[in-house]
Amino acid sequence: FFNIAFGCSEQGKRRQTQALGKCTFSAFSYTYYQAIMNYNQRTWMVTLAALGVSTVCAELQPKITSSSGRVLNFTGHDFVFTTDSGSTSHSSILDALEDIRNSKQDAITESCTTSAIKAINEDGTVDCLDDDVIPSIMRQVESNAYRLPRVCELSSWSEWSSNCSVCGGNQTRTRSIIREANNSIPCSEYVLEQVRMCAACPPPPPPVEEPPYDPCNGNERFYNMNAGTAEVRVASHVAQNVVYHRHANNDGQGGRGFGMRYGAFAAGQVVVRAGSTFQGGIRNGDYICGTKGGVEVTGRQGSAERDWTPARLNGTEFVMPVTREAPQAMVVLALEPATVTLYYGLVEANALFLEAEEMYTFTGISRIGANIRINATGAILLTYVGQAGTPTGVPSYFGVSDFINVSPVSNEVFGVPSTGYVTTYRTSGGNSRVDFQCSNNRNATRTMNAVQFRTAPYSAGHSGGPACRAVGAAGVNVGITSIGDGDGGDGTMWLSRSAMRTRFLVSTRIQHIALACAGRGSATLYRSMGSTTRQVLPIAGNALIGKAYTTNPAFLVAGTFVNTTVPCVMIIDGAVGGDEMLAFGY
């Protein structure tokens, strides 16, 4: 029998026809076979003729396949009929069946002298006539053509559309009907259009958060941390506007802080303004900054001159030795939310809880001959005030002695030991060692426990003493204070290398300049920025530490500009009250 496949639907359902019957041929006879195709519960009868004799029954069971080896449908394909004698290619199944008929008829009529025979006798003889002995398969098929199944013929898929320039869109492709189906799966059941999604859109970028308004444009701020209310002196390193920002939470003065223009400055210019010229006066927590570059700021209260606190001195760990002037106070300004804890050595004494830009004061501290340690969970600024009394809240000014900007601890600090004291930051017991290398090429070591402080070596004052570099042992951070310059004035703390600078402006009249520098070099002093009046000082010492010092009155005026070849700490001595301060530089 024949197994003839009519193709598969889009859903993969195979439909087959199967010829019914068997090879029961007698010599020189023929048999008709019927093929049945079942689809949608309809039965179509197709009459196909197959010729042969019992000895060639195998030839009457052709395997109908396409040239590419696929299952066939009835139209639009080439066919190969495989028999024992080989393969023959045909353009349609009708041609293939007719070829079988012709070959078999030729085999039994080869003795005929005409194109047909009259009869085939049982003894094998043939009577030739004009009519075909074997009825034409083609005629049999054509007479039933309207009953033959024909599958839906479709075109190839088109290319995918190229409308994916916008992410998240869709692409389509289509195919068309070439010929409708007949007694087969209707074309309406085939998919004629396909859609697919283009590449997914990348996630949208996170919203850009506008940075908080900064009137300083990223330039360093100098904060008033009990530096005086009588006047403020500002020197500008570049030509720019200078901003004064009010900290006070006072609705009558603009709400929680506001900024005002202090003035338009030329490079190197110094401007002095009395506190009474500011709306509401000068208050603790106010800050001053430049809009294009650095400034230097000092304040005054009576004869006391004090340096405003630069933002670079912020930190979370502080320690300083306390030598005199009880009671003391520690003024704290939080730059971010922080819990601030005060320790006497290893013992917790008090704590503050501050939001960003809030400030308050630890007061009533009576601690002589030991250290004060401050720990914060966020960045803070810190100043120390001696003889502070017991102020409440954040007064505009208090205390009469020993104002010091407290710098955060560091493993390495630089300064001039003038009546200096050294202590270490420790959270547990045990001794710590601090090594000193000084510009006089002499070294020293100090050892202390978590509560003690020791005098710094070579405390001969700013003029006659060396500059020193102090380094804690592995894992040991250090805090060192220098009190006065031998004349009993205020004090300064030694600075870490990261806080040192090479360009300095003096914002007030001074008595002397002392430089503690990170190695040998030189310092050029100008009477003012841009002036041709200058003095070059050698920074003497060694590769680790150097010092320069001058009392030349030509360079002790407001507006003096100092440029150094190596990073330095610059200590100045105010002319009004002899108070030690730092010019922090830019």
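The values are calculated or read from the model by the stated rules, or taken from the named source; none is laboratory data. Predicted model, so just to flag it, every value in this text is computed and none were measured. Cβ atoms come from the backbone with ideal geometry, glycine included; neighbour counts cover every protein chain shown. We work out accessible area using only protein heavy atoms, side chains counted, and drop any ligands, DNA or RNA first. Shrake-Rupley method; radii C 1.70, N 1.55, O 1.52, S 1.80 Å.
Using only alpha-carbon positions in the range 173-255, the gyration tensor eigenvalues give semi-axes of 80, 16, 9 Å once each is multiplied by 5 and square-rooted (largest first). Expressed per residue, the C-alpha convex hull volume of the range 362-453 stands at 135 Å³. The HN-Hα couplings worked out from phi for the range 262-274 by the Karplus form 6.51 cos²θ - 1.76 cosθ + 1.60 (θ = phi - 60°) are 6, x, 8, 10, 8, 4, x, 6, 10, 10, 10, 10, 6 Hz, whole numbers, x standing for Gly and Pro.
Dividing the mean sequence gap of close Cα pairs (under 8 Å, 6+ apart) by how many residues the range 377-454 holds gives a relative contact order of 22 percent.
Between VAL191 and THR377, the distance separating the two model label sites (each 7 Å from Cα on the Cα→Cβ line) works out to 6.0 nm. According to the square roots a ≥ b ≥ c of the eigenvalues of the Cα gyration tensor, what is the shape class of the range 474-586, taking rounded for a/c under 1.5, prolate for a/b larger than b/c otherwise, and oblate for the remainder? Since a/c reaches 1.5 but b/c is at least a/b, the shape of the range 474-586 is classed as oblate. Short to long, the 10 Å bins of the Cα pair-distance histogram for the range 466-516 hold 16, 48, 29, 6, 0 percent of all pairs. Take the Cβ atoms of GLU159 and GLU210, set R0 to 56 Å, and the FRET efficiency comes out at 0.75.
Remark: spin-label model distance SER522-THR316 equals 4.4 nm, labels positioned 7 Å along the Cα→Cβ axis. Just in the range 461-537: which chymotrypsin sites (Phe, Trp or Tyr not before Pro) are loop by DSSP and have at most 10 other Cβ atoms within 10 Å? Loop-located and lightly packed - none at all. Which percent of the accessible heavy-atom area of the range 457-586 goes to carbon and sulfur, probe 1.4 angstrom? That share works out to 49 percent. Once you have a ≥ b ≥ c as the square roots of the Cα gyration tensor eigenvalues for the range 432-522, tell me rounded if a/c is under 1.5, and otherwise prolate or oblate according to whether a/b is larger than b/c. It is prolate, given that a/c is not under 1.5 and a/b is the larger ratio. Put simply, when 381-389, 183-191 are sorted by average Cβ atoms within 10 angstrom per residue, most first, you get 381-389, 183-191.
Rg ratio for the range 307-425: its Cα radius of gyration over 2.2 N^0.38 Å, N being its residue count, equals 0.98. Between ARG175 and VAL400, residue separation times 0.36 nm minus the direct Cα-Cα distance comes to 71.4 nm.
Looking at the square roots a ≥ b ≥ c of the eigenvalues of the Cα gyration tensor of the range 210-251, which shape do they give, rounded for a/c under 1.5, prolate if a/b is larger than b/c, or oblate? Here the range 210-251 falls in the oblate category.
Computed over protein heavy atoms with a 1.4 Å probe, the accessible surface of the range 357-477 works out to 35 Å² per residue. The mean of 1/r over all pairs of different alpha-carbon atoms in the range 268-331, once inverted, gives a Kirkwood hydrodynamic radius of 14.9 Å.
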